[in-house]
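Some notes on the structure that comes next.
The values are calculated or read from the model by the stated rules, or taken from the named source; none is laboratory data. These numbers come from a predicted model, not from an experiment. Here Cβ is always computed from backbone atoms with ideal geometry, including for glycine, and neighbour counts include all displayed protein chains.
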Amino acid sequence: MGRAVDGTLFCDCDMVRCNTETLVDLILERHREFNSEIVAIEANQFQELIAVQLMEKARGRGLPVPCRTIINNVNKQVRIRRLGPYLAQKTIRFRAGNPANKIVVEQLRDFPSATHDDGPDAMEMALRVMIDLYNSRSAPPTVKRIRA
């Protein structure tokens, strides 16, 4: 997910079933392609091993990859509903011509009764990480009260 100067969010998805090695290669390929500022990996259950494998492979290739793991404690449906205001305001745009984007849009339209919701779930995590990243950069300075 990326953000334009005007605040528009752009989402370009990959929806593939593959082994972890292929997934790590795909993540590294996308990181190089988009020059991403951060790579977020869900760390629930054993998925944090993907982050370890990603960092090892990136280090072996001499590729700096800022990686952040996410542990989800909130119900998935609640998290996906966080996308609602962005979708209602048409703040999120999907790249045309990408079949995976079409799948994610279908999953969003069918939510919460869709058979699959992996795309919207990943979108919510990407949005959350992006908001955290931008807020940490633009946080206003804190005012300290000084007593004389």
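Points to keep in mind about this one:
- Residue satisfying all of: in segment 51-71; surrounded by 11 or more Cβ atoms within 10 Å (Cβ to Cβ) and either under 15 Å from the mean Cα position of the chain (by Cα) or touching a residue at least 40 places away in the same chain (Cβ under 8 Å) (or both); nearest to Gly119 (Cα to Cα) among these: Ile70
- In the condition set (1) in a loop (DSSP other than H, G, I, E, B); (2) at pLDDT 95 or above, Val78 is compliant with all but (1).
- Residues located in segment 98-121, provided they are touching a helix residue (DSSP H, G or I) at 6+ places or on another chain (Cβ under 8 Å), assigned to a helix (DSSP H, G or I) and not β-branched (Val, Ile, Thr): Ala100, Gln107, Leu108, Asp118, Gly119, Pro120, Asp121
- Picking from residues in segment 37-49 that are closer than 20 Å to Asp132 by Cβ and of a type outside the set (Asp, Glu), the one that is surrounded by the fewest Cβ atoms within 10 Å (Cβ to Cβ) is Asn44.
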